Amino acid sequence: ILFLSVQSFGQNFVFPAIYTTPVADTMIGPAIVWSGKTTYMLGDSWVYGIAASDNAHRFTSLFAVGKGTTESNAGVSGVTMMPDTCNAYANYYEGNVPVYNSGTMAAVFIHLGLNDVGKNVNYMNTTRFDSAYNAFLDYAINTRGWPANRIYLISPGYVLAYTAWVGTCVISEANSTRHEAFNAVVQSLATTYGCNYVDIYTPMAASL
């Protein structure tokens, strides 16, 4: 097991990369033909690849190479799922969700919510997060036409400290209790819509 520790907008986090002898594909969700199709990666700085040595080594790109799929990366550093005017944090643009085409598209992965967790102010709460994420998924499925079982919701990943978000608007640091409450929202939405839930937080936390 290899643990990588890097900085993302001042965030301390660890990301485990596990190598084993190649085995049959055991991914959750439907059987997917990856080769010759595009996989869409939507999300924040982790998807964007901040602090990766280069784009080829961000986790989304490594996944794409491993699956033999073409990556379309729409990661944006600093974005939230909820609207937030503090410190110029912008919520993620739903237009980044492409119109689904079964002939050319494999799946879409979404990693959003980490900045929502870090922005520990009263209006950045799980109720508003649930509402915003709900609207985002509704748009992806009912407007853009994505089958729910081709959508993978990634839990906001584990961080070692929440100090990076403390500043003009955030007085109190977020904590693991708050983080896990937001992750529970993501998991619940995956169940409600029939999407796939990818929990990266739990194994990352357990690895320390």
Exercise. Please work out how much length the chain gains when fully extended from THR168 to SER207, using 0.36 nm per residue of separation minus the C-alpha to C-alpha distance, in nm with one decimal.
Key: 10.7 nm
Quiz item: Put THR168, THR38, THR80 in order of accessible area, largest first, 1.4 Å probe: what do you get?
Solution: THR168, THR38, THR80
Quiz item: Where only protein heavy atoms count, and the probe is 1.4 Å, what is the accessible area per residue for segment 148-208 in Å²?
Solution: 43 Å²
Quiz item: Using a 1.4 angstrom probe and counting only protein chains, how large is the accessible area of LEU137 in Å², to 10?
Solution: 0 Å²
Quiz item: If one computes the Cα centroid of segment 134-203 and of segment 63-131, what distance in Å separates the two points?
Solution: 9 Å
Self-check item: Label-to-label distance, nm, for residues given as ASP199 and ASN101 (7 Å Cα→Cβ offset)
Solution: 3.7 nm
Quiz item: Of all DSSP beta bridges in the chain, what percent run antiparallel (nearest 5)?
Solution: 30 percent
Quiz item: In nanometres, what is the gap between the two model label sites at THR192 and ILE28, each 7 Å from Cα along Cα-to-Cβ?
Solution: 1.7 nm
Practice problem: Would you calculate the separation in nanometres between label points at ASN55 and ALA161, each defined as 7 Å from the Cα along the Cα-to-beta-carbon direction? | Solution: 3.2 nm
Practice problem: State the answer as a single residue: which of ALA106, ILE141, VAL121 lies farthest towards the positive end of the charge dipole of segment 70-141, with beta carbon charges of +1 for Lys and Arg and -1 for Asp and Glu, about the Cα centre. | Solution: VAL121
Quiz item: Under a Cβ-Cβ limit of 4.7 Å, which cysteines in the chain have nobody to pair with?
Solution: CYS195
Self-check item: Helix 176-193 vs. the chain, principal-axis angle (Cα, 0 to 90°, nearest 10)
Solution: 40 degrees
Exercise. Using a 1.4 Å probe over the heavy atoms of the protein chains, calculate the carbon and sulfur portion of the accessible area of the chain as a whole percent.
Key: 55 percent
Practice problem: Evaluate the charge dipole of the chain about its Cα centre and quote only its size in Debye, nearest 20, assuming +1 on the Cβ of each Lys and Arg and -1 on the Cβ of each Asp and Glu. | Solution: 220 debye
Self-check item: Hull volume in cubic angstrom per residue (convex hull over the Cα atoms of the chain)
Solution: 116 Å³
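The values are calculated or read from the model by the stated rules, or taken from the named source; none is laboratory data. All values derive from a computational prediction rather than experimental measurement. Please note: Cβ atoms are built from the backbone with ideal geometry, for glycine as well, and neighbour counts cover all protein chains shown. Accessible surface areas use protein heavy atoms only, side chains included; no ligands, DNA or RNA. Shrake-Rupley method; radii C 1.70, N 1.55, O 1.52, S 1.80 Å.
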